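Notes follow the structure.
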Amino acid sequence: MEIQKVIAHMESKKEIYQILKHCPYEILRQWKLVDFKKGAIMFSQDERYDYFSLLVEGTAEINIMGENGKKYTQAIYQVGDMIGEIEIYDLIPFVSTVEAIQDVTLIALQRDYFLTWLQMDHNFNQYFIRKALHHNYVNSKREGVNNLYSLNHRLCHYLLECVQNGSKHGDGIVVNVNKLELSQHFAVTQRSINRILSHLREKKILDVEKNRLMILDVTQLQKEAKKE
């Protein structure tokens, strides 16, 4: 039965338990599991969907397709993240595309049951509000950074964050990020990314490989990040 699988996810993942722990049984039994293979489009930009989802397995990428045909990454969603919460009230089209970057499992709840749950469950109602406000805060902060700081500043800071999870290799630190990913992350053309990477390479701050970057001088990268 579906409810047994939903309960199994609750018992094995604290993020899911915290969301569903007070969900009324008549709502809990309405959840459906949906599986997606890696690379599958889970939700499409500009399409309407009449159900709310929680991600319970895997990782998904949230992206927007620009008028120029390029894909721009907005966020990476993991276990416990909500999908479709913005669009479900008025059944408006999705503002972004959701793509599985690993095998993904969702639990999905039809709109009418979702709205009933939101009214009945104070725990989820508060969680929903906090999450919505958090996303609004993050997006507003990102918008402010994008408007106030140059791409060079933002890219250097991002690479410094990547260094923390990089691996030591020879005289440098390898970060597993490529030019296409940087282009999508910052919603700019690869030409703009290439221009900054070429500048940093000329200054021997980094070296560019096919699917990764080698940071050669962290101190100089920090100095570069402070420039405007």
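The values are calculated or read from the model by the stated rules, or taken from the named source; none is laboratory data. Here the structure is a predicted model, which means the values were calculated and not measured. FYI the Cβ positions are ideal-geometry reconstructions off the backbone, even for glycines, and counts take in every protein chain you see. To get the accessible areas, we keep the full protein, side chains included, count just its heavy atoms, and leave off ligands, DNA and RNA. Shrake-Rupley method; radii C 1.70, N 1.55, O 1.52, S 1.80 Å.
Filtered by the rule that a residue be part of a loop (DSSP other than H, G, I, E, B) and either polar (S, T, N, Q) or within 18 Å of residue 15 (Cα to Cα) (or both), the stretch 33-76 gives 44, 45, 58, 59, 68. Taken over the stretch 161-191, the criterion of being among the basic types (Lys, Arg) and either in a loop (DSSP other than H, G, I, E, B) or over 14 Å from residue 216 (Cα atoms) (or both) is satisfied by 179, 191. Among residues of the stretch 96-124 that are touching a residue at least 40 places away in the same chain (Cβ under 8 Å) and on the phi > 0 side of the Ramachandran plot, none has a Cβ under 6 angstrom from a residue that is open to solvent by 40 Å² or more (accessible area, probe 1.4 Å) and among the aliphatic types (A, V, I, L, M) at a sequence gap of 6+ or on a separate chain. On the stretch given as the stretch 1-17, residues that are of a type outside the set (Gly, Ala, Ser), open to solvent by 50 Å² or more (accessible area, probe 1.4 Å), assigned to a helix (DSSP H, G or I) and over 28 Å from residue 92 (Cβ atoms) total 6.
For (1) open to solvent by 50 Å² or more (accessible area, probe 1.4 Å); (2) modelled with pLDDT of 80 or more, each residue gets a yes or a no:
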| site | (1), (2) |
| --- | --- |
| 177 | no, yes |
| 180 | yes, no |
| 192 | no, yes |
| 199 | yes, yes |
| 215 | no, yes |
| 219 | yes, yes |
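Residue pairs whose Cβ atoms lie under 8 Å apart, separated by 6 or more positions or on different chains, with the first residue in the stretch 25-47 and within 13 Å of residue 60 (Cα to Cα) and the second open to solvent by 40 Å² or more (accessible area, probe 1.4 Å) and among the aliphatic types (A, V, I, L, M), are 38/101; 39/101.
The condition of being in contact (Cβ under 8 Å) with a residue 12 or more places away in the chain, of a type outside the set (Gly, Ala, Ser), within 30 Å of residue 83 (Cβ to Cβ) and in contact with a strand residue (DSSP E or B) (Cβ under 7 Å, 6 or more places away or on another chain) holds for only one of 157, 185, that being 185. In the set 101, 129, only one residue is at pLDDT 85 or above and more than 27 Å from residue 37 (Cβ to Cβ); that residue is 129. Inclusion of residue 85 among residues that are in a loop (DSSP other than H, G, I, E, B), under 22 Å from residue 120 (Cα atoms) and not hydrophobic (A, V, I, L, M, F, W, C) is warranted.
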